[in-house]
Amino acid sequence: MSEHGAPFAGRGRTVARGQRVQMRFLAIWIAFAVLLAVSALFVPRSLLPSSFLPIIPLAAFLAIVSMGEALVLMARGIDLSIPAVITLSSSILVGMAGGDDAGLLVAIAVALALSLATGLVIGILVAVFKLNPLIVTLAVSTILMGLMIWYREGVAQEASVPPLLADWGERRFLYLNSAVWVALALVVVMTFVLRRTIAGRRFVAVGANPVAAWVAGIRVTHYQVAAYAVAGLLYGIAGILLSAFIRNPTLDVGSDYLLAPIAAAVLAGTAVTGGIGSMIAVAGAALFLTQLGQILRMLDLSTAIQFMIHGLAIAVGMGLAGVQVGAVRQAFSRRPATRRPPPG
């Protein structure tokens, strides 16, 4: 009995862990469904196509940057450079293109390359030199904002994105803005990479247990640096899309994306202790926060009450998504016989 019972018991524990992980990610969609029901009861006009469709692009922008933040959290870090990188991407786009379609592609390429490079530098400082990610990202943000203020002094105040990009930013397919389709595509790609590729599974293992991953021969530092680099690229993409959407981006274009991406990532069930996250759940959290903000504005509540409700929603969401992270992490890694710290 015991000879055959142990494998089945182990398999049962693995299934149970998998179910807890799935419930962690499903919780935000349940919360979003409840929010829609509340909207229908108390603010039905918020669900009208004329009210709901215009806010979906805002959810798309938040989803893209929140996916970047989720990657960093999965790698056991944190990133507060999002507003600065968005401003960097937007400013370079507007400044280099000069409102001319001829320079659009080059401007986009340079903007995204600089965003990627910024994330790469942050990743090296955090993962290689072991500096505090909170301090590093704040320092880089301050430097970037100073550089962008200086750079925008040479750009006309009324500068706008090229007409081709502005037209694309307004284009709709099946009633959805172009930015929404880009966000959906990124969700699919990121989900596939994390769940179906060797690199993605190794990245999850690194976040779940860096020591075990290092013992298994995985280059832990490389994956940690890559998390910040890919996140920087995602922030840059969001900056381009935001610029296309508003046409005349200013230095404040990224100001709304300091804490909201962290809130969305946490609401989506991303473990702040690393290794656990779902890009599909992040998209759901972006929708939840955007619709919640829409309802609060329509109710004409004070800013103080709006902040309190947002905070309460995040706390409840974390409670719904709570699981035993240590047990889940064991599904991705084995505990080595002798622990040694990963090389610096």
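Residues considered: LEU287, LEU241, LEU267. Of these, the only one that is more than 25 Å from VAL121 (Cα to Cα) and modelled with pLDDT of 95 or more is LEU287.
If you filter segment 294-310 down to residues that are touching a residue at least 40 places away in the same chain (Cβ under 8 Å) and under 20 Å from ALA60 (Cβ atoms), you find that the one that is surrounded by the fewest Cβ atoms within 10 Å (Cβ to Cβ) is HIS310. Within segment 151-183, track down each residue that is free of Cβ contacts under 8 Å to residues at least 40 places away in the same chain and among the hydrophobic types (A, V, I, L, M, F, W, C). Result: ALA156, PHE173, LEU174, TRP181.
If you check ILE108, ILE55, ILE28 for being modelled with pLDDT of 95 or more, in a helix (DSSP H, G or I) and either closer than 26 Å to LEU258 by Cα or touching a helix residue (DSSP H, G or I) at 6+ places or on another chain (Cβ under 8 Å) (or both), only one passes: ILE108. If I ask for residues that are under 12 Å from VAL161 (Cα atoms) and of a type outside the set (Gly, Ala, Ser), which ones from segment 63-104 would you list? Passing the criteria: ILE92, LEU93, VAL94, MET96, ASP100, ASP101, LEU104. Taken together, the residues in segment 61-112 that are in contact with a Phe, Trp or Tyr (Cβ under 9 Å, 6 or more places away or on another chain) and β-branched (Val, Ile, Thr) amount to 7. Comparison of ALA208, ALA185 shows that the only residue that is of a type in the set (Gly, Ala, Ser) and modelled with pLDDT under 95 is ALA208. Taking the condition among the β-branched types (Val, Ile, Thr), modelled with pLDDT of 95 or more and either touching a helix residue (DSSP H, G or I) at 6+ places or on another chain (Cβ under 6 Å) or surrounded by 15 or more Cβ atoms within 10 Å (Cβ to Cβ) (or both), does THR191 pass? Yes; evaluated as a whole, the condition is true for this residue.
Quick check on ARG171: is it touching a strand residue (DSSP E or B) at 6+ places or on another chain (Cβ under 8 Å) and either surrounded by 13 or more Cβ atoms within 10 Å (Cβ to Cβ) or closer than 18 Å to LEU242 by Cα (or both)? Criteria met by ARG171. Between GLY95, GLY77, the distinction of being assigned to a helix (DSSP H, G or I) and not polar (S, T, N, Q) belongs to GLY95 only.
Might you let me know whether segment 80-87 holds any residue that is under 25 Å from ALA226 (Cβ atoms), not acidic (Asp, Glu) and not in a helix (DSSP H, G or I)? Yes, segment 80-87 has at least one match. Of the residues making up segment 41-99, just one is closer than 13 Å to THR270 by Cβ and among the hydroxyl-bearing types (Ser, Thr, Tyr), namely SER66.
The values are calculated or read from the model by the stated rules, or taken from the named source; none is laboratory data. Quantities reported herein were computed from a predicted structural model and do not represent experimental measurements. Every residue, glycine among them, receives a Cβ derived from its backbone with ideal geometry; neighbour counts consider all protein chains shown.
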